[in-house]
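Okay, structure first, notes after.
The values are calculated or read from the model by the stated rules, or taken from the named source; none is laboratory data. Note that the structure is a prediction, hence the values are computed from the model and not measured. As a convention, Cβ positions derive from the backbone with ideal geometry for all residues, glycine included, and neighbour counts pool all protein chains shown.
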Amino acid sequence: PQAKLIKLRDTVANRSHRVRVKGWVHRLRTQGKSLMFVVLRDGTGFLQCVLNDKLCQTYDAITLTRESTIEVFGTLKLVPEGKTAPDGHELIVDYWKVIHKAPGGLDAFENKFNTESDPSVLLDQRHLVLREDKTTKILKLRSAILFAFRQHFFENGYFEVTPPCLVQTQVEGGSTLFHLQYYGQPAYLTQSSQLYLEAACPALGDVFCIQESFRAEKSSTRRHLSEYTHLEAECPFISFDQLLDRLEFLITDVVDRITTGPFKEMFYEMNPGFVAPKKPFRRMRYVEAIQWLNEHGVLKKDDDGNEVGPFEFGDDIPEAPERLMTDTINEPIMLCEFPAEIKSFYMPRCSHDNRVTESVDILMPGVGEIVGGSMRIWDLQELMAGYKREEIDPSPYYWFTDQRKYGSYPHGGYGLGVERFLAWLLNLDHVRETCLFPRHYGRPCQ
Ligand code: 4AD
Ligand code: MG
């Protein structure tokens with residue numbers, strides 16, 4: 001039978017077993033005329049294959065190239081002391097054949113890009129870069145982390161829903177919408193599934209989704225994508241404090257699952273210095289952040305980058321000062337109670353201070369904001385005033401507004417940027433490293 005490489009580890013005990021495997025030529029090395037080592041890759045693992053004598057003297061062997069697909073038959077053997085091979089064993093090949101040969105010469109895989117290549121070359125060659133060790137590891141960890149998020153939610157009684165991407169409502173402001181035509185009607189690509197999750201709560205209780213969100217962000221930063229994977233949750237009958245507790249639990253629980261689960265070795269290889277954040281996270285109010293910036297002499301800048309004076313209550317805290325503060329404090333921060341004017345139409349005001357809202361951003365060292373969340377206005381008149389303040393036409397929102405008539409309820413939720421979470425957890429420079437095919441300003445959608 002054909003084996004997956006990951007299963008061969010168990011087979012090594014039974015060395016007389018002859019196996020057949022298929023995969024891609026990951027590395028290739030010849031030693032003299034009668035010995036060739038091929039490291040085979042199949043996504044589940046790596047296997048060093050040893051081709052002796054005649055097997056490495058055929059035309060196919062002499063012209064074999066990296067990333068060709070081959071099929072090999074042979075017997076597993078533990079590698080001799082002092083020699084290394086993936087997982088400590090190798091396959092002594094007795095028969096092999098080419099399934100498909102990749103180009104050699106100038107077009108050879110190894111000539112397409114290297115670690116020194118410009119980022120734009122790496123993005124043009126993304127379909128090949130994916131096969132490279134670091135990218136493969138990131139994608140495997142991404143899969144494990146999405147699984148850990150799902151485990152967290154399922155084990156805590158949430159249902160998963162799949163909201164639509166084609167919508168007629170904005171959630172986070174009109175300036176970052178991607179517009180499109182939907183059978184002759186104006187529509188957008190979704191910025192957030194929040195409104196749909198809110199609609200699902202009365203049917204399903206606690207809900208979550210892992211869905212693409214789209215933002216036409218015309219800025220090239222290390223944390224902005226035009227399409228990103230948005231993990232969102234919505235919870236009925238919770239208080240603002242309970243929302244903060246749930247967020248803290250989500251992050252520490254998922255980190256725990258990754259740092260103790262089956263991918264822990266791969267994870268620590270990627271981020272050897274990682275120190276898991278402990279509960280409780282530092283809680284800081286927006287006014288305290290403004291004070292922090294003032295005390296540290298951080299000044300507000302205009303669009304041309306000129307310093308224009310100290311931050312004041314009501315100012316948006318842009319990416320650079322937010323990062324500076326988070327990196328200086330160097331621990332997760334739950335930044336709470338943003339002024340209503342700089343937040344979305346759906347956020348309720350705090351009972352102790354009418355100027356600010358029951359809102360939270362989670363800031364992580366190295367990345368900054370990875371989560372945005374809040375309680376939701378659940379009173380009909382207050383919601384109508386929210387639309388008005390943001391100059392939103394309420395008509396396409398009729399189904400959302402209606403929920404404030406049919407059994408309204410206090411509730412809250414949040415959205416976590418999966419790529420930003422990964423950039424933080426894996427200590428990566430840019431969110432695009434965490435995507436299969438990143439979409440961001442200045443790049444075509446190849
Ligand atoms: O803070 P945001 O805009 O909040 C919302 O969309 C809420 N409606 C979510 C909710 O309450 N259900 O976005 C949430 C998170 C951000 O904290 C950030 O991690 C990520 O989404 N995000 C982006 N990630 C990559 N590229 C972008 N352009 C992003 N914009 C937001
Ligand atoms: Mg935000």
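Return the total of residues in the stretch 420-441 being touching a strand residue (DSSP E or B) at 6+ places or on another chain (Cβ under 7 Å) and surrounded by fewer than 19 Cβ atoms within 10 Å (Cβ to Cβ).
Residues flagged as touching a strand residue (DSSP E or B) at 6+ places or on another chain (Cβ under 7 Å) and surrounded by fewer than 19 Cβ atoms within 10 Å (Cβ to Cβ) within the stretch 420-441 amount to 1.
Can you tell me which residues in the stretch 176-195 are hydrophobic (A, V, I, L, M, F, W, C), away from ligand 2 (no atom under 16 Å from the Cβ) and in a loop (DSSP other than H, G, I, E, B)?
Result: PHE178, single match.
Could you figure out which of (1) outside any helix (DSSP H, G or I); (2) in contact (Cβ under 8 Å) with a residue 60 or more places away in the chain isn't true of LEU123?
LEU123 satisfies all of (1) outside any helix (DSSP H, G or I); (2) in contact (Cβ under 8 Å) with a residue 60 or more places away in the chain except (1).
Write out, first by first residue and then by second, each pair whose Cβ atoms fall under 6 Å of each other, whose residues are 6+ apart or on separate chains, and whose first residue, in the stretch 31-48, is surrounded by fewer than 19 Cβ atoms within 10 Å (Cβ to Cβ) while the second is part of a loop (DSSP other than H, G, I, E, B).
These pairs meet every condition: THR44/LYS4.
Every residue, every condition in (1) modelled with pLDDT under 95; (2) more than 16 Å from ligand 1 (Cβ to nearest atom); (3) not in a loop (DSSP other than H, G, I, E, B), yes or no:
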| position | (1), (2), (3) |
| --- | --- |
| THR136 | no, yes, yes |
| LYS140 | no, yes, yes |
| ILE145 | no, no, yes |
| PRO163 | no, no, no |
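Would you be able to tell me the number of residues in the stretch 365-380 that are within 8 Å of ligand 1 (Cβ to nearest atom) and among the charged types (D, E, K, R)?
1
Being in a loop (DSSP other than H, G, I, E, B) and of a type in the set (Val, Ile, Thr) is the filter here, so list the residues in the stretch 32-75 that pass it.
THR44, THR58, THR63, THR65 - these are the residues of the stretch 32-75 that are in a loop (DSSP other than H, G, I, E, B) and of a type in the set (Val, Ile, Thr).
Kindly indicate which of GLY205, GLY157, GLY173 is surrounded by fewer than 17 Cβ atoms within 10 Å (Cβ to Cβ), under 30 Å from ASP245 (Cβ atoms) and within 16 Å of ligand 2 (Cβ to nearest atom).
Answer to the selection: GLY173.
Residue by residue through the stretch 390-417, note down the ones that are in a loop (DSSP other than H, G, I, E, B), closer than 23 Å to GLY173 by Cβ, away from ligand 2 (no atom under 16 Å from the Cβ) and touching a residue at least 24 places away in the same chain (Cβ under 8 Å).
If the condition is that a residue be in a loop (DSSP other than H, G, I, E, B), closer than 23 Å to GLY173 by Cβ, away from ligand 2 (no atom under 16 Å from the Cβ) and touching a residue at least 24 places away in the same chain (Cβ under 8 Å), then ILE392, GLN403, ARG404 are the ones that fit.
Consider the stretch 180-193. How many of its residues are surrounded by 10 or more Cβ atoms within 10 Å (Cβ to Cβ) and more than 19 Å from THR229 (Cα to Cα)?
Summing the residues that are surrounded by 10 or more Cβ atoms within 10 Å (Cβ to Cβ) and more than 19 Å from THR229 (Cα to Cα) in the stretch 180-193 gives 4.
Of the residues that sit in the stretch 13-30 and are part of a strand (DSSP E or B), out of contact with any helix residue (DSSP H, G or I) (no Cβ under 8 Å at 6 or more places or on another chain) and touching a residue at least 12 places away in the same chain (Cβ under 8 Å), which one is nearest to ILE138 (Cα to Cα)?
HIS26
Kindly indicate which of GLU232, GLU198, GLU217 is more than 14 Å from the chain's Cα centre (by Cα), near ligand 1 (Cβ under 10 Å from one of its atoms) and either surrounded by fewer than 19 Cβ atoms within 10 Å (Cβ to Cβ) or not in a helix (DSSP H, G or I) (or both).
Only one candidate passes the filter, namely GLU217.
Which pairs do you get when a residue that is outside the structural domain of THR326 (by TED's automatic domain parsing), found in the stretch 363-381, comes within reach of a residue that is surrounded by fewer than 19 Cβ atoms within 10 Å (Cβ to Cβ) and part of a strand (DSSP E or B), reach meaning Cβ atoms under 7 angstrom, with the pair 6+ apart or on two chains?
Pairs found: none.
When you go through (1) under 27 Å from ARG443 (Cα atoms); (2) assigned by TED's automatic domain parsing to the domain that holds MET266; (3) out of contact with any Ser or Thr (no Cβ under 9 Å at 6 or more places or on another chain) one by one for PRO119, which number turns out not to apply?
The one condition PRO119 does not meet is (2).
Which of (1) within 27 Å of GLU312 (Cα to Cα); (2) assigned to a strand (DSSP E or B) is the odd one out, the single condition TYR387 does not satisfy?
Exception for TYR387: condition (2).
Among the basic types (Lys, Arg) and buried (at least 19 other Cβ atoms within 10 Å of the Cβ): does that describe ARG376?
yes
Residue-wise test of (1) closer than 24 Å to GLY366 by Cβ; (2) not acidic (Asp, Glu).
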{"residue": "LEU204", "(1), (2)": "no, yes"}
{"residue": "GLU217", "(1), (2)": "yes, no"}
{"residue": "LEU231", "(1), (2)": "yes, yes"}
{"residue": "LEU243", "(1), (2)": "no, yes"}
{"residue": "PHE313", "(1), (2)": "no, yes"}
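Based on what the data block shows, is THR357 assigned by TED's automatic domain parsing to the domain that holds GLU391 and within 15 Å of ligand 1 (Cβ to nearest atom)?
yes
With within 16 Å of ligand 2 (Cβ to nearest atom) and either surrounded by fewer than 20 Cβ atoms within 10 Å (Cβ to Cβ) or hydrophobic (A, V, I, L, M, F, W, C) (or both) as the only criterion, which of MET334, MET384 stands out?
MET334
From ARG443, ARG420, ARG439, which residue is part of a helix (DSSP H, G or I), closer than 24 Å to LEU189 by Cα and either in contact (Cβ under 8 Å) with a residue 24 or more places away in the chain or among the polar types (S, T, N, Q) (or both)?
Criteria check complete, one pass: ARG420.
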